[in-house]
Amino acid sequence: MIVQSPLKRQHAQPNLRKVPKPDIAHLPSSPKKNGKKKAQKSGSQSVGIPKLKPGKIILATLILGAFGFAYLTHVFATQQLLLEVQQLEAEYNKARQQHDELKLRYDRLVGPAEIYQQAQEQGFINGGPADRVIVIEK
């Protein structure tokens, strides 16, 4: 027994989208096309890979060689410059260290402890701290 649903439409409208149907002749598994393609590839002219002329290969090699030479020259010049910079930096650090030592020595010579000691040796009397309170009477 077959039962029909009352909700089912009796008259459905056709699909208005245009969907192309697959063409069996255009499929790659078709024996007709494969035979023709194999015949073309086995021929003397191939479409996929262009032939390179020896002159272009030599020119490309010379250009690459020139760029390689320029790059290597740049690398060696940079290394030489780095060596010079490192030497100058070492010289600068040595001079700065010598300057710091001389500055410390100078600061010790003109510092208050040294001045007080030399003043005492010459007979000066220490007046004590200078922060005495001054009282003003009215």
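Yes/no matrix, rows are residues, columns are (1) outside any helix (DSSP H, G or I); (2) among the aromatic types (F, W, Y); (3) in contact with a Pro (Cβ under 6 Å, 6 or more places away or on another chain):
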site: A66; (1), (2), (3): no, no, no
site: Y92; (1), (2), (3): no, yes, no
site: R96; (1), (2), (3): no, no, no
site: D100; (1), (2), (3): no, no, no
site: R108; (1), (2), (3): no, no, no
site: I115; (1), (2), (3): no, no, no
site: N126; (1), (2), (3): yes, no, no
site: R132; (1), (2), (3): yes, no, no
- Message: Against the condition surrounded by 10 or more Cβ atoms within 10 Å (Cβ to Cβ) and at pLDDT below 90, how does K32 come out, does it pass?
- Response: no
- Unique match (being β-branched (V, I, T) and at pLDDT below 75) among V110, V47: V47
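The values are calculated or read from the model by the stated rules, or taken from the named source; none is laboratory data. A quick note: this is a predicted structure, and the numbers were derived from the prediction, not measured. All Cβ positions, glycine included, derive from the backbone under ideal geometry; neighbour counts span all protein chains shown.
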